[in-house]
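The values are calculated or read from the model by the stated rules, or taken from the named source; none is laboratory data. This one's a predicted model, so the numbers in the text were calculated from it and none came from an experiment. With ideal geometry, Cβ positions are generated from the backbone for all residues, glycine too; neighbour counts draw on all protein chains shown. Ligands, DNA and RNA are stripped out before the accessible areas are found, and what is left, the full protein with its side chains, is counted by its heavy atoms. Shrake-Rupley method; radii C 1.70, N 1.55, O 1.52, S 1.80 Å.
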Amino acid sequence: MIEQADLVKQIQLYNPDLNPEVIHDAYQYAVKMHGDQTRASGEPYYTHPVAVASILAEMHMDAATIVTALLHDTLEDTEATFDDLKARFGEEVAALVNGVSKLTRIKSHTVERKQAENFRKLVLAMSEDIRVLLVKLADRLHNLRTLHHIENPEKRSRISRETIEIYAPLAERIGLHQIKEELEDLSFEYLNPEAREGITNRLSFLRQEGGAIVKNIIKELTKTLKAEGVESAVTGREKTRYSIWRKMQRKNVAFEQLSDLMAFRVVVETVDECYHALGIIHSQYPTVPGRFKDYISTPKPNGYRSIHTTVIGPEGQRIEIQIRTVDMHEEAALGVAAHWAYKDGTTKAHIKEIKKYRWLRELLDIIDQEQKPEEFLENTKLELFQDQVYVFSPKGDLTELPNGSTPIDFAYAVHSAVGDRCVGAKINSRIAPLNTKLNNGDQVEIITAKNQNPSPTWERFVVTGKARSRIRRYVRQQQRGEYVTLGKAMLQKLFQQEGYDFAEKAVQGVATQFRVETIEDVFNGVGSGNIVARDVFKAIFPAHKTTTVKKPTDAEVAQQVAQAKQGTGSTPLLIKGLIPGMAVHFARCCHPLPGDRIVGIVVTGKGVTIHTIDCDTLENFADTPERWIDVSWDDGPNSAESHVGRIEVTIANVAGALGTISTVIGKNGGNITNLKITSRSLDFWDMMIDVYVNDTKHLHNIIAALRATPEISSVDRARGR
Ligand code: MN
């Protein structure tokens, strides 16, 4: 058990300026908060955070990190709150502890290989501050060291698997090779104790035979090279049991067949020296056939350069030797970054990754060498993978999405059918709006319904290409359906006006003249405004004398409008009845409301716009009668829908007048959606107010109520202009 004084001493060795009070305070707090909680070993719980703190002290971490380690389980496992920590230990430590707790809450049910990379990125993205990750790794290391106390074998192997798939690779990526190897070795013990023991026995047998074999080989190799005039730095070591095991598995070979239980690295200055060194080694020691690879003349796709060879070394052992220059050696270290480049990594993204990675390495080198890491760690944020967000399915599968993604993006990422049928979403078991931005680690459940279709409004907030294109495709299909119905109706109307029976065959006959194939294409063209209805008619009846269309006189316009007003046009098209789901827009000029007499105007590429019959804008369409559609309000189930009504109000410029208006409108069941002051004089303000109402009657009630209000000098419904 590590005592408080030991921990302080340990830190003071590399950080003489440490204020012991800070450690003291955190230590006491951890002891108090964890109270009589115990570890599986039976020891008091607080021994765990203290041990984690000590691991981090070995890594020469700054005081804030050590304090975070001491407190790292208080948020999750004790009564302590974020605010408590903030008040007592400051914002920085509270945020770090919070970060570690967030990582603790990620629960991976199963870690399959293909999911592992996403998990690692999730952990990195959630870490935000590299110190959070370092504490988490130290926490994991101590948990692994004490894993034998846990009795449930399933729990042991789950933790081991998670460690080997996620945390060990993360430790390696940030340059913590020793921690990575210990994590792997400890996990290996639980995942495959037999294999580990077998390898241990064979290795110790070899060691007995060879004595200080690695050291001797390094000495020997250096001497041999120097004798031939090549200055080199030789390093070497026995491979770890886990990496030996991995290799046996990967290559499907027995232990005895492994040639490279020991790996040596020869680093020289120039490329010439690489080949020179290779020549010396090959002439001095018997080579193992088939094991020579020249990645200098032919670098690996990720840019890795080195010469690999295997020889029967000075001690009679098969040893692997890598020969490279100092530059190549540095690049090789960075080459690890290749593994975490984006999967479809463009060169640009790749370079970005490498830059990030270099930054991280430099930082760790600083931690390694600096006496006072404080200054360097302060405010250092991990910016890795901040442009991605990782979320879980209810089954625990991880999905990677761009930052800003919503449940709809998630649904489409799972499957297009899931997206198309989406009606709602639960985020972390709570119903949430479909435009909610997802956070790292969220668990997202999509609620679907059989007869649901994508909503065009989704397009406004989705961020993934897949979701957007599926929604657009659906909307286009839907629109085409509307245009086809509309185009057909327009042609029928025109035929009727000109006194002919409508014949689909005849329309099909002229399709090619409009560079389309099917009759549906013609209808679609007419409905969307790309083909003029009258042109189709003319193509079918070239000899027919049509009344020449010219700019109508004012009298004609008046007549058109009057005709429409009386509803004496041809058969009315009940839009809602005839063409379900047709693209209908309400004109912004006149804001038609149920109860108003209305008329529909076909607008190119937009469907139908509804105007009030007295809207001034209608004059613009007087010379294209085929675009006019007689419509009326459907009293069906949709009649309760809200519509925007626009009113013009003049109020006296007195205090509280605005408040009065909104109160009056609200009391009468209206909902202000937009308010604009159009002119302001000393005494009076003119304004325009848009109100959600059910129909004209509703709007008139509101207008009447406003008229009864003393501060308001005039109220009128706004008319199209
Ligand atoms: Mn812990």
Can you confirm whether LEU56 is open to solvent by less than 10 Å² (accessible area, probe 1.4 Å) and in contact with a strand residue (DSSP E or B) (Cβ under 8 Å, 6 or more places away or on another chain)?
no
Given the condition outside the structural domain of GLU269 (by TED's automatic domain parsing), within 16 Å of the ligand (Cβ to nearest atom) and modelled with pLDDT of 90 or more, answer yes or no: does some residue in the stretch 187-202 qualify?
no
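Residues checked against (1) at pLDDT below 80; (2) more than 14 Å from CYS274 (Cα to Cα):
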{"residue": "PRO286", "(1), (2)": "no, yes"}
{"residue": "PRO289", "(1), (2)": "no, yes"}
{"residue": "LYS293", "(1), (2)": "no, no"}
{"residue": "ASN302", "(1), (2)": "yes, yes"}
{"residue": "ILE307", "(1), (2)": "no, no"}
{"residue": "THR310", "(1), (2)": "no, yes"}
{"residue": "GLU315", "(1), (2)": "yes, yes"}
{"residue": "ILE321", "(1), (2)": "no, no"}
{"residue": "ASP327", "(1), (2)": "yes, no"}
Within the stretch 673-695, which residues are open to solvent by less than 60 Å² (accessible area, probe 1.4 Å) and part of a strand (DSSP E or B)?
ILE677, SER679, TRP685, ASP686, MET687, MET688, ILE689, ASP690, VAL691, VAL693
How many of the residues in the stretch 10-48 are of a type in the set (D, E, K, R) and on the phi > 0 side of the Ramachandran plot?
0
Which residues, taken from the stretch 468-502, are hydrophobic (A, V, I, L, M, F, W, C) and closer than 15 Å to ARG534 by Cα?
LEU486, ALA489, MET490, LEU491, LEU494, PHE495, PHE502
Residues being out of contact with any Lys or Arg (no Cβ under 9 Å at 6 or more places or on another chain) and open to solvent by less than 50 Å² (accessible area, probe 1.4 Å): count how many of those fall in the stretch 182-199.
2
When the stretch 43-52 is examined, which residues are found to be within 12 Å of the ligand (Cβ to nearest atom) and assigned to a loop (DSSP other than H, G, I, E, B)?
TYR45, TYR46
Checking ALA40 against (1) assigned to a helix (DSSP H, G or I); (2) within 13 Å of the ligand (Cβ to nearest atom); (3) not polar (S, T, N, Q), the condition it does not meet
(1)
Please find, among GLN28, GLN10, the residue that is away from the ligand (no atom under 16 Å from the Cβ) and in contact with a Ser or Thr (Cβ under 8 Å, 6 or more places away or on another chain).
GLN10
Looking at THR163, THR68, THR81 in this structure, which one is crowded, with 20+ Cβ neighbours inside 10 Å, of a type in the set (S, T, N, Q) and farther than 19 Å from LYS180 by Cβ?
THR68
How about the stretch 62-84: which of its residues are aliphatic (A, V, I, L, M) and within 16 Å of the ligand (Cβ to nearest atom)?
ILE66, VAL67, ALA69, LEU70, LEU71, LEU75, ALA80
Among what's in the stretch 125-155 and is more than 16 Å from the ligand (Cβ to nearest atom), out of contact with any strand residue (DSSP E or B) (no Cβ under 9 Å at 6 or more places or on another chain) and in a helix (DSSP H, G or I), pick the residue that is modelled with the lowest pLDDT.
ILE130
Residue pairs qualifying under the 6 Å Cβ cut-off, at least six apart or on distinct chains, with the first in the stretch 183-206 being of a type in the set (Lys, Arg) and the second being assigned to a helix (DSSP H, G or I), are ARG196/PHE188; ARG196/GLU189; ARG196/ARG241; ARG202/PHE255
Taking the stretch 61-105, which residues are under 22 Å from ILE2 (Cβ atoms), acidic (Asp, Glu) and not in a helix (DSSP H, G or I)?
ASP62, ASP73
Failed item in (1) within 14 Å of the ligand (Cβ to nearest atom); (2) farther than 27 Å from LYS180 by Cβ, with ASN19 passing the rest:
(1)
Just the residues that are open to solvent by 10 Å² or more (accessible area, probe 1.4 Å) and under 11 Å from LEU225 (Cβ atoms), please, taken from the stretch 270-279.
GLU273, HIS276, LEU278, GLY279
Which of the residues that make up the stretch 218-269 are more than 30 Å from GLU165 (Cβ to Cβ), within 45 Å of the chain's Cα centre (by Cα) and open to solvent by 80 Å² or more (accessible area, probe 1.4 Å)?
GLU269
Failed item in (1) within 16 Å of the ligand (Cβ to nearest atom); (2) within 36 Å of the chain's Cα centre (by Cα), with ALA87 passing the rest
(1)
